[in-house]
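What follows is a single structure, written as structure tokens, with notes after it.
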Amino acid sequence: MKGKSYVKIIAIESSCDETAVSIVENGRRVLSNVVLSQADMHALYGGVVPEIASRKHIECITALTEKAFADAGLSKNDIDAVAVTYAPGLIGALLVGVGFAKALAFALGKPLIPVHHIRGHIAANYIAFPELEPPFLCLVASGGHTLLVDVKSYTEFEILGSTRDDAAGEAFDKCARVLGAGYPGGAKIDALAKTGDKTKYKLPRAHIDGAELDMSFSGLKTAVINLVHRAEQLGEEIDKASLAASFCDAVCDALVPRAMAAAVKTGRKKLAIAGGVAANSFLRTALQNASKSYGIELFFPPLSLCGDNGAMIGAQAYFEFLQGNTAGCDLNAKATLSIDF
Ligand code: KG4
Ligand code: ZN
């Protein structure tokens, strides 16, 4: 690989309910990006069923990989390395991708690059913003994680604050479920909230003494559930749009001031956002307004790169590869692993 100026990596992502394969050149240029969401299937059960997720990944991963090669107009020998999300995520789902990627790398005689899923979410920004380079701050808000990270280099991360309990996306999904909006709930709550009055329902804002950048969403989630159940018992009508708007406002109040405080604390002037919740329109507007008044340059990836996808894994993989972070055939999946491992 030495001296080669264009490095093409095929990346496999199967940590939750999207099977995704992408080919990315030099961490920034997407040559193909195939994503198959299982959301409709899991919606029947009100949330992701891990066993079903694993089985669906197995069913489609080979065909999606063929499509990724075809869309990019490349043959298998044109790629330089195989990358895969190996942590964190649903263990059975991760194992499908890891097993497949190991076999592909072995068969092609190419290096295998293990990628941390949350590092991948952050790297979605490298695709959207070719000029963006570390150091910068990143607010990561997904279905399983919510954290503020100092991205010191492409492969060095310091967690400045994180949720003590539920992730923001999890709270969105539970709120949607109790309002009967369906799964996955974040986008549905976002749409519902557009016609609501955010001042109508008073929802709690958690504050953790001595850990100003840490967050908590379980109290907010419980408050919404209790409010809806109480109204049902009393036979009262819930103004769903206003409850959704009040909920979005509470989430923004948790995330935006902490992101600004993290910028003040570290002196960073660039803030990126990442993860499924980064698609939230209220969060985007609130961050835009706050960033302007704090003199911070804000980066948010397009909606297509906020949710799980293979391109973000291929982007991060390139930088891991440059650091020599490759694995052998003994690579295993891990359900939990901190970003600063
Ligand atoms: O990053 P992601 O695709 O998967 C994980 O790694 O978890 O995030 C999925 C989460 C779900 O909880 C989903 O409800 C939420 O992102 N989400 C949103 C929006 N779109 C997706 N939350 C709020 N507003 C949205 N527009
Ligand atoms: Zn994700």
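The values are calculated or read from the model by the stated rules, or taken from the named source; none is laboratory data. Because the structure is predicted, anything quoted here is derived from the model rather than measured. Cβ placement follows ideal geometry from the backbone for every residue including glycine, while neighbour counts extend to all protein chains displayed.
Table: residues versus (1) part of a loop (DSSP other than H, G, I, E, B); (2) outside the structural domain of residue 15 (by TED's automatic domain parsing); (3) crowded, with 20+ Cβ neighbours inside 10 Å.
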{"residue": "62", "(1), (2), (3)": "no, no, no"}
{"residue": "77", "(1), (2), (3)": "no, no, no"}
{"residue": "83", "(1), (2), (3)": "no, no, yes"}
{"residue": "89", "(1), (2), (3)": "yes, no, yes"}
{"residue": "95", "(1), (2), (3)": "no, no, no"}
{"residue": "101", "(1), (2), (3)": "no, no, yes"}
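Note on region 288-308: among residues that are in contact with a helix residue (DSSP H, G or I) (Cβ under 6 Å, 6 or more places away or on another chain) and away from ligand 1 (no atom under 13 Å from the Cβ), the one that is nearest to residue 246 (Cα to Cα) is 290.
Given the condition out of contact with any Pro (no Cβ under 6 Å at 6 or more places or on another chain), of a type in the set (Val, Ile, Thr), at pLDDT 95 or above and not assigned by TED's automatic domain parsing to the domain that holds residue 191, answer yes or no: does some residue in region 149-161 qualify? No. Hey, could you check region 14-56 for residues that are of a type in the set (Asp, Glu) and part of a strand (DSSP E or B) and say which is farthest from ligand 2 (Cβ to nearest atom)? Here the residue is 25. Considered as a group, the residues in region 286-314 that are surrounded by 15 or more Cβ atoms within 10 Å (Cβ to Cβ), among the hydrophobic types (A, V, I, L, M, F, W, C) and within 14 Å of ligand 2 (Cβ to nearest atom) include one that is nearest to the chain's Cα centre (by Cα), and that residue is 306.
Looking only at residues in region 19-47 that are within 14 Å of ligand 1 (Cβ to nearest atom) and surrounded by fewer than 21 Cβ atoms within 10 Å (Cβ to Cβ), which one is farthest from residue 59 (Cα to Cα)? That would be 46.
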